[in-house]
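Below is one structure; the comments refer to it alone.
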Amino acid sequence: LNLLAGIGVSVLALVPAKAAQAQAQSQPAPRTSSSEIGEVVVTATKAGVTNLQKTPLSVAVVGGADLDASRIVTLRDLASSVAALKITNNNSNVVVTIRGVGGYASNNEQDVGIYQDGVYLGRSSVALNSNFNDLERVEVVKGPQGTTFGRNSVGGALNFISKGPTDTFEFENTLNLGNYNLRDEAFRLGGPIIKDKVSGTLAFSYYNHDGYIKNLIPNVGDAGAANRYSARAQLKFDLASNVTNLLRADYGYTDEDHAVNSTLYLRTDDPRFLTCNTTTLVCNNTPAVGVRYAAPIANSKVGDYHYYANPNRPHISEWVYGVNDEFTWEINDKLTFKNLVAYRTAKTNNFTFGNGTEYFTGGTLTTYRQHQFSEEMNLQNNLGKLSGVVGLYYWQEYQRQVGDSIGSLIAPPVRTSTGAESYQDTRFPTKSTAIFFNESFHFTPELSLTVGARYTKEKKTLDTYNTSFSWSGLLPAGWIGSIPPYGVRGATSASTIVLNIDGSVNGLASVVFPYIKGYGTAVPALTQDVEAFTPKVGVEWQATEDAFLYGSVTRGFKSGGFNFTARNDFGASYQPEWITSYEIGAKTDWFDKRLRINLAAFRNNWTNLQVSQAVILPNLSTPVTQSSNAASARITGLDADITAKPGAGFTFNAGFTWLPDAKYLDYTGGQAANYIKNLLIQAKDPRENAGFNTYNANGNRLNKAPRFSGIFNADKKFELGDSGDITIHGDVAYTSPTAYDISNHPLSISKPLTLYNANINYTSPGGHYEVGFWGRNLADKSYANSIIIGSLPQVVSGAPRTFGIRLNYKY
């Protein structure tokens, strides 16, 4: 805690100087709206709307105007405006990380909770594939949210807040045209329907562009394309002067050739490709067995992630529906009751093929269904010295995933008439209830103590039919698009129980064919019952008018779950993970609110960390991904959000997150990626236990936790009087090298990355018309959004340089 203490002393040392400065100014300079940094409001405490500078949480806010200025249209783009936020993805699964805390979602929920108007989104790809439209702001809440945002928010929360209906007529239409045949149009219409009684809004967007990743195979099609529609309608009923009801409904449709981890990271004939026997520790580098092979088309562009090779296009289709109702009753000036009830459903069909080369080596067809229902009731109170919120929360979700994976047993160009196949049909219902409170007692107007807690009770069930087997001949009949009923595809080999060197059962490698739990049989389904208590204690001090200090200790909880790819009871489930977070922060304004500096230092102690790792099971040629628990990890860091308005039309924003200490503390049973594992065996690395197929990652840096991330953006506004105004915007985002494997092997660490974006915008007098030109990734850098090592290292490609024109009309 030396880092935390040192920063705390530094912050406190600034406060008296600031107070003395305030006292010395007998006649402070007048503050004007054009030169001041304006007040930013947030709802992150769920105790009503609060001033960001007086909220004892570390929150970054990206407003709707900022989203437009930086051309932020997807979740991945948002990371360029918040240094602490990192967005990566593996196929269609988005992974959100805040301050180094984040995890691979797959069938489980995120470490970072994603909310839309306060409604938790259980299906993360909804956010990845949704365009930002009709948003008032995005609140990025950093650190565990164990009390108010309690559902699996161990890393923080993202809350997308839409523009609500108003009592005045509003119309806005925005058209973006750009390279890659971009067509992006969004409109919003709103206003009163029945005066003083009913108002509403309707928003619609269409987003389409050609593939960003050029396919080297002729006449197949490029990846990374977009084709999305979304719509949202809102109706606000003013039932009384103190009672409102806001009804929202939204729809989203995606049908596109999405980007996948199929761009080669290394050549297929790289001499480092080896197969090592974990018993004899002998590594075979003879190409004849299919370890290395020539793929001249794919290998011709290795290192340029704007290209890939695949004989089939990856494709995703998704339908998303949602409706929610928010009822607000201001009982009196001290109590406000809110009830938010929501239903959402998602349907996804996902098709991925090949291994990043011109050869068809197999593929995966996945059909995903999800339904969720939630209700949250809370009572906001302001009872003199006591203020805060108490509430009840209920969550129910049903997931079903049907997947069929097929692959050849021998790498190309040597072909075989025999292949391995895996089939699963898994249902995964969840029920969760919680009671929570977060209350502050104000000893004086300047000093308060906050105490909060959340008690959660949750039950999850695994109901599955999962089997792996071999096929002969060409592709199995009816493979593409088929969902065979139970029992049609069965095992062709006996049960395989693998023992460790000491004779114990290796739960990860043992396989039972087929694996059945529930699924309409007499075999009982697996269940997991969990109770969690997550408290919080904090102290807040308004040291001066422009200096707010706070400190807190918070406990965060993320529920456990089951592996959809489970082949046996041993590796089927994983337990909850926990974070205890210590944070001290300062929110300060300087020089008559021309400079704003918000700092936070934090320490996260992470136990039972959930990790996702690829496991190669007997009789399978390709690994399956399973989640399990590591023992513990630790993150210590500092982040800052800075805004300056020095005058002359300039506005500067900057932020950084520094994680000097982000490491696994007790992680001896992990697994390095298969490709790296063979390198470790070859190098006789003592951390690799080949017999047990485990790797000792103690002391290694956490995955997806870069040491330093920073953002900087600047705006210059030229006021042209009666001719309107022109604004020039530029931003830069930097990320230091990032690890993507627990071994921290050099091949698994990305290079440092700096991205540049800019735009210029003209606004007519009165603000009705806008014309702008924008560009993202101006240097056209070829970079990896994430590295997927596996058996054949690949990357998820970052977007290339994009540019276009923006036309906007407002009334």
For this session: Starting from the Cα of K810, draw a straight line to each of the aspartates and glutamates and keep only those under 12 Å, dropping any in the same chain fewer than 8 residues away.
Result: E170, E172, E770
Exercise. List the aspartates and glutamates whose alpha-carbon lies under 19 Å from that of K385, not counting same-chain residues fewer than 8 positions away?
Worked result: D333, E439, E446, E540
Exercise. Excluding ligands and nucleic acids, what accessible area in Å² is computed for R603 using a 1.4 Å probe, to the nearest 10?
Worked result: 40
Problem set entry | Qualifying aspartates and glutamates (Cα of each under 14 Å from Cα of K460; at least 8 residues distant if same chain) | E109, E397, D529, E531
Seminar exercise, completed: Quick calc: nm separation of the 7 Å Cα→Cβ label points for V390 and Y229 -> 4.8
Seminar exercise, completed: Regression test value, accessible area per residue of the range 167-234, probe 1.4 Å, units Å², expected 48
Exercise. What are the ³J(HN,Hα) values, in whole Hz, obtained from phi via the Karplus relation 6.51 cos²θ - 1.76 cosθ + 1.60 with θ = phi - 60°, for each residue of the range 526-538 in sequence order, with x given for Gly and Pro?
Worked result: 7, 10, 9, 10, 9, 10, 9, 10, 10, x, 8, 9, x
Problem set entry | Note, ³J(HN,Hα) from phi for the range 373-385, Karplus 6.51, -1.76, 1.60, rounded to Hz, x at Gly and Pro | 9, 9, 8, 10, 10, 9, 10, 7, 9, 9, 9, x, 6
For this session: Note the full-extension length gain between E170 and E545 as 0.36 nm times their separation in residues minus their Cα-Cα distance, in nm to one decimal.
Result: 131.3 nm
Seminar exercise, completed: Taking R0 as 22 Å and r as the Cβ-Cβ distance between E36 and Y762, the FRET efficiency 1/(1 + (r/R0)^6), rounded to the nearest 0.05, comes to 0.30
Exercise. Roughly how many Å is it from the Cα centre of the range 686-733 to that of the range 540-618, as a whole number?
Worked result: 18
Problem set entry | Electrostatic dipole magnitude of the range 721-811 [Cβ: Lys, Arg +1; Asp, Glu -1; Cα centre; debye, to 20] | 220
For this session: Could you tally the net charge around G178, taking each other residue with its Cβ under 10 Å from the Cβ of G178, Lys/Arg +1 and Asp/Glu -1?
Result: +3
Seminar exercise, completed: Net charge (Lys, Arg +1; Asp, Glu -1) of residues whose beta-carbon lies under 13 Å from that of K86, K86 excluded, is +2
For this session: Using amide H atoms built 1.01 Å from N in the peptide plane, name the residues 5+ places from D269, or on other chains, whose amide H lies under 5 Å from its own.
Result: Y293, A295
Exercise. Using 7 Å Cα-to-Cβ label points, what is the T280/L720 separation (nm, one decimal)?
Worked result: 7.8
Problem set entry | Listed residues C276, C283 arranged by accessible area, highest first, probe 1.4 Å | C283, C276
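Rounded if a/c is under 1.5, else prolate if a/b beats b/c, else oblate: with a ≥ b ≥ c from the C-alpha gyration tensor eigenvalues square-rooted, which is the range 235-277?
Note, shape of the range 235-277 comes out prolate.
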Seminar exercise, completed: Here the range 595-608 yields Karplus 3J(HN,Hα) values (6.51, -1.76, 1.60; θ = phi - 60°; whole Hz; Gly and Pro given as x) of 9, 10, 10, 10, 10, 8, 10, 8, 9, 10, 9, 10, 10, 6
Problem set entry | Cα gyration tensor, the range 263-355 - rounded (a/c under 1.5), prolate or oblate | prolate
Problem set entry | Where labels lie 7 Å past Cα in the beta-carbon direction, separation of A249 and A522 in nm | 4.8
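Relative to the present Cα-Cα distance, how much length would full extension add between Y321 and A779 at 0.36 nm per residue of separation?
Gain on extension, Y321 to A779, equals 161.1 nm.
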Seminar exercise, completed: Amide H contacts under 5 Å for D222, restricted to residues at least 5 apart in sequence or on another chain and with H modeled in the peptide plane, are G211, N215
Problem set entry | Among the listed pairs K517/K663; K142/K214; K163/K214; K338/K704; K431/K558, those beyond 26 Å (Cα-Cα) | K517/K663; K142/K214; K163/K214; K338/K704
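Classify the range 129-286: rounded, prolate or oblate, from the alpha-carbon gyration tensor (a ≥ b ≥ c, eigenvalue square roots; a/c under 1.5 rounded; otherwise prolate if a/b is larger than b/c)? Kindly include the intermediate steps, with their values, before the conclusion.
Values: a/c = 4.49, a/b = 1.89, b/c = 2.38.
Because a/c hits 1.5 or more and a/b fails to exceed b/c, the range 129-286 counts as oblate.
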Seminar exercise, completed: Residues other than A572 with Cβ under 12 Å of its Cβ, Lys/Arg counted +1 and Asp/Glu -1, net out at +1
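The values are calculated or read from the model by the stated rules, or taken from the named source; none is laboratory data. Keep in mind that this is a model prediction, so the values were computed, not measured. Cβ: placed from backbone, ideal geometry, glycine included. Neighbour counts: every protein chain shown. What goes into the accessible areas is simple: the full protein's heavy atoms, side chains included, and nothing from ligands, DNA or RNA. Shrake-Rupley method; radii C 1.70, N 1.55, O 1.52, S 1.80 Å.
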